[in-house]
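**Student:** I'd like to ask some things about the structure below.
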Amino acid sequence: MAPCATILYCLTMADKKRTALDWEDVRYFVALARYGTLSATARGLRVNHATVARRVTSLEALFGRPLFDRRADGYALTAEGKAVLDAARSMDEAALSVLHRLDAGTELSGLVRLSVGRVLAERFLIDRLRTFHERYPAIDLEVTGGSRVVSLARREADVALHYGSPKDSELVARRVARITFGFYASPDYRDKLKAGDAPAFIGFDEESDFIAEAAWLTRWVGERRFSFRTNSQTTQAAAARANYGVALLPRYVAADEQGLVQVSLGERLPERDVWLLIRRDLTRVPRVRAVADYLIDLFRRERKLLAD
C-alpha cells in the first residue's frame, strides 16, 4: 500500500473507508509535534494527557501507520509524520483564521479571555473587575492565572498582562504599570531585627528561579538562611505574619495584609513592568477593546498602590 503522504490523500482513502477526518485530531497532532511530550501538549491545550494521546491515536488509525515514535524522552515524528506536518499546519492555521473572523463581532457581548499572573489576578485584579462586570454585564470573562506563558497568536488568550517588555512584534503592546517590592515581616520579627538578630528569609522554591524577583532574592540572600520556601507570594505573606522571617513582596500584596510591617535592609529592591498585550486583529473588536480600555484605566487609577 502506498504511503499516506498528504492529508488530502488520506481524506480520499478515508472517504473510501467511509471514515471522516476529525479536525480536532489534526490540531492535537500539530500541537504534539510542537511541544514534543504529552504532558507539555496537555498543558498547552489545557486538557489532560489522555485526551492528547487519544486524539493522536485516532489520527494514526486513519492513516494506518504511526505518525510518532514513542520514546522515553517524548514523541518524535516518524517519516510519515514529517510528510504530513506541513499540510496539517496549514489546516490548523486555516481553522484559526476562521476563528479570528468569529472574533470580529460588533456587540459588547461574548467571551474575552484574559491571561494574567496568579497573584496579580487574585490579590489585585479580580475584586476590581466587579465594576467592569456591572458596566458590561453581557461580556463574559475567562481569567487564566499562572506562570505558564500563553500564546495570543494561537488564540489561547485575547488579552494578556505580561511582566517585562514583549518580544513579539505582531502584538499590540502598552506598558500599563510599574510594580515595586518591599521587605516585610511581622511586628514581633521587626523588633527582633532592631534588637540585632540576623534576618532569616522567606523565599521561592528552587524551581521558581525563572521568576525575576525570585532570582534576584536568591542572588541577594546568598549564603544566608531561607527559613521558609514556597512558590506562592500569598503563602510567603502568611509565613511572614507567622514569624518565619522576612519576605520580599509586591507592595500591593503587603497592603492587603494585616500584621505585616515594612523593614529596611538597605538594598535597592527590584521593580517589574506590566505590559498589556493584544493580538493586532482584535484591537477593534468592541468587547476586547472594552476590556483593554478598562484595564488601562484601572492600572492608571491604582498606580500609587502598585508602586511607591
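**Student:** Mind listing whichever residues of segment 221-242 are surrounded by fewer than 16 Cβ atoms within 10 Å (Cβ to Cβ), more than 24 Å from the chain's Cα centre (by Cα) and not acidic (Asp, Glu)?
**Tutor:** If the condition is that a residue be surrounded by fewer than 16 Cβ atoms within 10 Å (Cβ to Cβ), more than 24 Å from the chain's Cα centre (by Cα) and not acidic (Asp, Glu), then GLY222, ARG224, ARG225, SER227, ALA242 are the ones that fit.
**Student:** Tell me which residues, restricted to segment 115-139, are of a type outside the set (Ser, Thr, Tyr) and assigned to a strand (DSSP E or B).
**Tutor:** Within segment 115-139, VAL116, ILE139 qualify.
**Student:** Quick one: in segment 181-211, of everything that is assigned to a loop (DSSP other than H, G, I, E, B) and under 21 Å from VAL274 (Cβ atoms), which residue is modelled with the highest pLDDT?
**Tutor:** Top of the filtered list is PHE204.
**Student:** Follow-up question, since we're still on this one. Scan ARG272, ARG280, ARG287 and give me the residue that is at pLDDT below 90 and assigned by TED's automatic domain parsing to the domain that holds LEU141.
**Tutor:** Among ARG272, ARG280, ARG287, only ARG280 is at pLDDT below 90 and assigned by TED's automatic domain parsing to the domain that holds LEU141.
**Student:** Is segment 212-233 home to any residue that is assigned to a strand (DSSP E or B) and small (Gly, Ala, Ser)?
**Tutor:** The answer is yes, given that some residue of segment 212-233 is assigned to a strand (DSSP E or B) and small (Gly, Ala, Ser).
**Student:** Does any residue of segment 27-47 turn out to be surrounded by fewer than 20 Cβ atoms within 10 Å (Cβ to Cβ) and in contact with a Leu (Cβ under 6 Å, 6 or more places away or on another chain)?
**Tutor:** Scanning segment 27-47, I find no residue that is surrounded by fewer than 20 Cβ atoms within 10 Å (Cβ to Cβ) and in contact with a Leu (Cβ under 6 Å, 6 or more places away or on another chain), so the answer is no.
**Student:** Would you confirm, using the coordinates I've provided, whether LEU193 is more than 24 Å from ALA307 (Cα to Cα), surrounded by fewer than 20 Cβ atoms within 10 Å (Cβ to Cβ) and either within 24 Å of the chain's Cα centre (by Cα) or among the hydroxyl-bearing types (Ser, Thr, Tyr) (or both)?
**Tutor:** no
**Student:** To continue, here is another question. Within segment 224-251, which residues are β-branched (Val, Ile, Thr) and touching an Asp or Glu at 6+ places or on another chain (Cβ under 9 Å)?
**Tutor:** THR230, THR234 - these are the residues of segment 224-251 that are β-branched (Val, Ile, Thr) and touching an Asp or Glu at 6+ places or on another chain (Cβ under 9 Å).
The values are calculated or read from the model by the stated rules, or taken from the named source; none is laboratory data. Keep in mind that this is a model prediction, so the values were computed, not measured. Glycine gets a Cβ as well: all are built from the backbone with ideal geometry, and neighbour counts include every protein chain shown.
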